[in-house]
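**Student:** Can you keep this structure in mind? I'll have questions shortly.
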Amino acid sequence: MKVISRVLTGALLAGVLLLSACSQVANISYLQDIEPEVATRIQPPQPLTLQPGDRLQITVFSRDRELTDLFNLSDRTTSGSRSESDRHPYTVDTEGTVEIPTLGPVHVAGLTRQEVADEVKYRLLSSKLLLDPTVVVEFYDLSFYALGEVGHPGRIQIPNDQINLLEALTLAGDLTLYGKRENVLVLRTEDGVQTPYVVDLTNRQSLYESPVFYLRQNDMIYVEPNQKKANQADQNASTLRSLGFWMSLPSYIVSLIVLLTR
């Protein structure tokens, strides 16, 4: 009888530990329904368009250096040369325009980088200000924000014009073990309107087909803490709800079994 009791108790303990381990894996694994070598359709990326408050660099090149310098917003060193640190960004005003020296105001809100470059080049040619202009437009400080249960919360620079949510979370130090993978919130503000999107990182369809799979400038990612973290933060939680109690429970059970079987 004692042997049967010991076996049942051991089996029960093993089952509790196994379920606990499986639950932890299920809580932290991404893309749990993905299948090897099975293609998945991804939300196509959309080119970034400028919005009021964005900053960009517009650089004009031509064979006539003196004329070109009239259109570039930068400081001149004593030697007349320019460096990256000398260049100043344009800020899109509330009307969606930037003021380019000599050329005047240019409306850029809603345009892509290439469309802005084409517009500036057209204005230069049509006004006969330059005969052979080449215009390069770049975002100056493209970034997103990461909050909540991530390794490195804060404002994070986007290295190029295209970044997806998984890449962004990598730059943010990944989710902590306390972050809810199935309930990641992305806040997107466009034309003065903020829209919330919820993404389940454990589900490939929710992730890949989301409108926010590819981030845009100034998107905000918020990772909600799971119940384990919430319990830790609750100073008035009961003993039965505390993390320490449940972590010590298996050791207590083992010790109790040893005493009963002696």
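**Student:** Looking only at the stretch 175-196, which residues are under 12 Å from Val223 (Cα atoms) and surrounded by 14 or more Cβ atoms within 10 Å (Cβ to Cβ)?
**Tutor:** Listed by number, the residues that qualify are Leu175, Thr176, Tyr178, Gly179, Lys180, Arg181, Glu182, Asn183, Val184, Leu185, Val186, Leu187.
**Student:** Step by step: first the residues of the stretch 197-210, then only those that are under 14 Å from the mean Cα position of the chain (by Cα) and not small (Gly, Ala, Ser), then the one that is farthest from Leu177 (Cα to Cα). Which residue is that? First the steps, then the outcome.
**Tutor:** Step one: filter the stretch 197-210 for residues under 14 Å from the mean Cα position of the chain (by Cα), giving 197-199, 201, 207, 210.
Then keep just the ones that are not small (Gly, Ala, Ser); that gives 197-199, 201, 207.
Numbers: Tyr197: 22, Val198: 19, Val199: 17, Leu201: 14, Leu207: 19 Å.
Per the stated criteria, the residue is Tyr197.
**Student:** Another question about this same structure. Taking the stretch 101-113 on its own, how many of its residues are closer than 15 Å to Glu138 by Cα and among the hydrophobic types (A, V, I, L, M, F, W, C)?
**Tutor:** Residues in the stretch 101-113 being closer than 15 Å to Glu138 by Cα and among the hydrophobic types (A, V, I, L, M, F, W, C): 3 in total.
**Student:** Would you point out the residue of the stretch 224-249, among those that are in contact with a helix residue (DSSP H, G or I) (Cβ under 8 Å, 6 or more places away or on another chain) and under 30 Å from Thr40 (Cβ atoms), that is modelled with the highest pLDDT?
**Tutor:** For the stretch 224-249, the residue satisfying everything is Pro225.
**Student:** I need the full set of residues from the stretch 36-62 which are assigned to a loop (DSSP other than H, G, I, E, B) and touching an Asp or Glu at 6+ places or on another chain (Cβ under 6 Å), in order please.
**Tutor:** Scanning the stretch 36-62 gives Gln43, Leu48, Ser62.
**Student:** With the condition kept exactly as written, say whether any residue in the stretch 180-197 is modelled with pLDDT under 95, among the hydrophobic types (A, V, I, L, M, F, W, C) and closer than 30 Å to Glu138 by Cα.
**Tutor:** Looking for residues that are modelled with pLDDT under 95, among the hydrophobic types (A, V, I, L, M, F, W, C) and closer than 30 Å to Glu138 by Cα, one finds at least one in the stretch 180-197, hence yes.
**Student:** Quick one: how many residues across the stretch 190-225 are within 20 Å of Gly53 (Cβ to Cβ) and not in a strand (DSSP E or B)?
**Tutor:** Adding up the residues that qualify gives 8.
**Student:** So is Leu187 outside the structural domain of Thr112 (by TED's automatic domain parsing), part of a strand (DSSP E or B) and touching a Phe, Trp or Tyr at 6+ places or on another chain (Cβ under 9 Å) or not?
**Tutor:** In short, yes.
**Student:** Something else: Considering only the stretch 125-162, how many residues are closer than 23 Å to Gln114 by Cβ and either in contact with a helix residue (DSSP H, G or I) (Cβ under 6 Å, 6 or more places away or on another chain) or assigned to a strand (DSSP E or B) (or both)?
**Tutor:** Within the stretch 125-162, residues that are closer than 23 Å to Gln114 by Cβ and either in contact with a helix residue (DSSP H, G or I) (Cβ under 6 Å, 6 or more places away or on another chain) or assigned to a strand (DSSP E or B) (or both) number 11.
The values are calculated or read from the model by the stated rules, or taken from the named source; none is laboratory data. Values in this document were obtained by computation on a predicted structure and should not be read as measured data. Positions of Cβ are generated from backbone atoms using ideal geometry, with glycine treated the same way; all protein chains shown enter the neighbour counts.
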